[in-house]
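Asks: One structure, as structure tokens, below. Some questions next.
The values are calculated or read from the model by the stated rules, or taken from the named source; none is laboratory data. Note that the coordinates shown come from a computational prediction; the quantities given were computed from them, not determined experimentally. Every residue, glycine as well, gets a Cβ built from its backbone with ideal geometry; the counts of neighbours run over all protein chains shown.
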Amino acid sequence: MSPRPATGYNRAVETAAGALRLVIDTNVLVSALLTPGRTPELALRAMRARGAVVLLDAAIEREYREVLARPKFARVDGARREALLRAVLDGGERVTVGATSTHALIDGDDRVFVDVALAGRAVAVVTGNGRHYPTDLGFAVWSPAELLARCHA
């Protein structure tokens, strides 16, 4: 699936503001852990190198920690899991979500990412499940490959 900007996306916002303001879906962290050296991990590295700002709130951080602590990830070195979390969380911007969005979502668990993106004026949500997000959110929805390409542009 080709990543697509959502209605209201404006590339000028991305460049005029300097740092990319992004929300990272948990599935991107999971993919980075399970497939080291592949696109999700490379995208996260490129994002950090470019100085992107990761937007999050307590609910997103809790989800990151809970998902990455699941038994199925026990085969991944704990230090590597923690290093990935630190790389994403350190320097992240904490956002206070005032109101929950009313957009219809395929997966209701994605609402936390939408709400933080809206409250934090994100340029994009980065996810491996782009089809879960409608196109009228006011921010872009990028795959890790799209993020990687933009960081190297």
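Asks: Condition (residue is in contact with an Asp or Glu (Cβ under 7 Å, 6 or more places away or on another chain) and of a type in the set (D, E, K, R)) applied to the stretch 86-102: is it met by at least one residue?
Replies: yes
Asks: Right, next: Among the listed residues 76, 126, which satisfies the condition of being within 23 Å of residue 35 (Cβ to Cβ) and over 14 Å from the mean Cα position of the chain (by Cα)?
Replies: That would be 76, the only listed residue that is within 23 Å of residue 35 (Cβ to Cβ) and over 14 Å from the mean Cα position of the chain (by Cα).
Asks: Follow-up. Return the pair list, or none, for Cβ contacts closer than 6 Å from residues in the stretch 60-88 that are more than 13 Å from residue 28 (Cβ to Cβ) to residues that are of a type in the set (A, V, I, L, M) and surrounded by 12 or more Cβ atoms within 10 Å (Cβ to Cβ), at least 6 apart or on different chains.
Replies: Sorted first by the residue in the stretch 60-88, then by its partner, the pairs are 76/33; 81/68.
Asks: Please specify each residue of the stretch 92-107 satisfying the condition of being of a type outside the set (Val, Ile, Thr) and more than 11 Å from residue 56 (Cβ to Cβ).
Replies: Passing the criteria: 98, 99, 101, 103, 104, 105, 107.
Asks: Confirm whether residue 17 is at pLDDT below 95 and within 25 Å of residue 138 (Cβ to Cβ).
Replies: So residue 17 fits the description; yes.
Asks: Of the residues 104, 99, which single one is free of Cβ contacts under 8 Å to residues at least 24 places away in the same chain, over 19 Å from residue 51 (Cβ atoms) and hydrophobic (A, V, I, L, M, F, W, C)?
Replies: 99
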